[in-house]
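All remarks here apply to the structure that follows.
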Amino acid sequence: IGGQTKAMSSAKLPSEKFEIPVAGGQLAVFRYGDGQGDPVLLIHGVTSSNRAFQIFADELIARGKAPYAVDLRGRGDSNSLPGPFGMAQHAKDMAAVIDFLDSKYPKKPEVIGHSMGGFVLAALAGLYPERIGRIVFADGGIPLPLPPGMTVEQVMPFILGPALERLSMTFESKEIYRDYWREHPALKRGWGPVMEEYVDYDLRDGKPSTNPLAVEEDSRDLFGDDLVAKSLRGLKNECLLIRAPRGLQNEEGGLYPPAMMDAVLNEYPKIKMVNLNDVNHYEMFLIPDGARQVAEIIYGDKK
């Protein structure tokens, strides 16, 4: 299933790219390593890409896993795919990826979803529970209540504003785009070759690769769609929510403030929250200490 393009080689780059037929075209999926071991499907956040998992893929490979990271519809090498977007559509796309993995591996893939990728994972678990193995939510996937008295329409500009502003900008060179990101408060500490590759991959003809319409449609599902909450309530097996203690701007408290999580997780008894140490929402995958912590929580020490 799906065509494959020439192999790629570099320290942290994926080793092979596959193009999976989905509604409207081809979805890009990247394998890290030689493909030996049990498959793990990695799903990124709202304006991210497969390159978010470069360091984490090494941790998985060291534990006998075969990591595959997608570019979601509207992002990265999948950015030409048309809408509709939203969690149900992403879940259908992931089911097509799982068809591809089923042709290669006897075991069902484990799935790890970061940030918005966690919401995609929740929809996948609700719509196709028989298709997947163990699942892990990485600082995402759990809906939070709207602020008192506010509607989805009122909240959306606060959620989307910074991302949509960046997506509307033009950057004249990779160096200028790197400079833009290098000053981001959540990326400063770990800046280096892996983050440069992450940022370089995102720039296409001077523009960030994410389709703004995808961001708008997808973000609405994080608050305004019951599929995710219903899916989480219907989970049959226990699973982890791995929480970063600092958030999108490196702020204390993170995306999931501890004070509200007891009440939120009461709704979803199968989800157990585990806290990381001293990393933010991005660093949990983009710096070695974060990626190691996440891998150890899920899989233990390296083999």
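The values are calculated or read from the model by the stated rules, or taken from the named source; none is laboratory data. Remember, predicted model here, so these are calculated numbers, not experimental data. Note that we place each Cβ from the backbone using ideal geometry, even for glycine, and neighbour counts take in every protein chain shown. Only protein heavy atoms, including side chains, enter the accessible area calculation; ligands, DNA and RNA are left aside. Shrake-Rupley method; radii C 1.70, N 1.55, O 1.52, S 1.80 Å.
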Residue pairs within 8 Å by beta carbon, gap of at least six or interchain, first lying in the stretch 134-158 and under 18 Å from LYS272 (Cβ atoms), second among the charged types (D, E, K, R), listed first then second, are ARG134/GLU110; ILE135/GLU110; VAL136/GLU110; ASP139/ARG243
- Task: Take GLY74 and decide whether it is part of a loop (DSSP other than H, G, I, E, B) and open to solvent by less than 10 Å² (accessible area, probe 1.4 Å).
- Result: yes
message = Regarding the stretch 248-257, can at least one residue be identified that is touching a residue at least 24 places away in the same chain (Cβ under 8 Å), outside any loop (DSSP other than H, G, I, E, B) and either out of contact with any Ser or Thr (no Cβ under 6 Å at 6 or more places or on another chain) or open to solvent by 60 Å² or more (accessible area, probe 1.4 Å) (or both)?
response = no
Checked ILE55, ILE20 against criteria (part of a strand (DSSP E or B), of a type in the set (Val, Ile, Thr) and in contact (Cβ under 8 Å) with a residue 40 or more places away in the chain); the one match is ILE20
Subset of the stretch 69-87, residues closer than 23 Å to ILE55 by Cα and of a type in the set (A, V, I, L, M), comes to ALA69, VAL70, LEU72
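Given the structure, is SER173 closer than 30 Å to ALA88 by Cα, modelled with pLDDT of 95 or more and among the small types (Gly, Ala, Ser)? Show your work before the answer.
Working: closer than 30 Å to ALA88 by Cα: no; modelled with pLDDT of 95 or more: yes; among the small types (Gly, Ala, Ser): yes.
No; evaluated as a whole, the condition is false for this residue.
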**OP:** Examine the stretch 259-267 for a residue that is crowded, with 17+ Cβ neighbours inside 10 Å and modelled with pLDDT of 95 or more, and state whether such a residue exists.
**Re:** yes
Residues of the stretch 82-103 being touching a strand residue (DSSP E or B) at 6+ places or on another chain (Cβ under 6 Å) and over 14 Å from ILE43 (Cα atoms), in sequence order, are PHE100, LEU101
Residue pairs qualifying under the 6 Å Cβ cut-off, at least six apart or on distinct chains, with the first in the stretch 204-230 being free of Cβ contacts under 8 Å to residues at least 60 places away in the same chain and the second being surrounded by 15 or more Cβ atoms within 10 Å (Cβ to Cβ), are GLY206/PHE171; PRO212/LEU164; PRO212/LEU167
Considering the stretch 230-251, residues that are small (Gly, Ala, Ser) and under 17 Å from the mean Cα position of the chain (by Cα), and then whichever is modelled with the lowest pLDDT, we arrive at GLY247
With criteria (1) farther than 18 Å from GLN293 by Cα; (2) open to solvent by 10 Å² or more (accessible area, probe 1.4 Å); (3) of a type in the set (Lys, Arg), LYS65 comes up short on (1)
Determine whether the stretch 276-296 contains at least one residue that is at pLDDT 95 or above, of a type in the set (A, V, I, L, M, F, W, C) and in a strand (DSSP E or B). no
Residues of the stretch 115-146 being surrounded by 24 or more Cβ atoms within 10 Å (Cβ to Cβ) and assigned to a helix (DSSP H, G or I), in sequence order, are MET116, GLY117, GLY118, PHE119, VAL120, LEU121, ALA122, ALA123, LEU124, ALA125
Counted residues in the stretch 96-114 being outside any loop (DSSP other than H, G, I, E, B), open to solvent by less than 10 Å² (accessible area, probe 1.4 Å) and farther than 13 Å from GLY140 by Cβ come to 4
Checklist entry - Right, ILE1: open to solvent by 40 Å² or more (accessible area, probe 1.4 Å), hydrophobic (A, V, I, L, M, F, W, C), over 23 Å from ALA122 (Cα atoms) and at pLDDT below 95 or not? => result yes
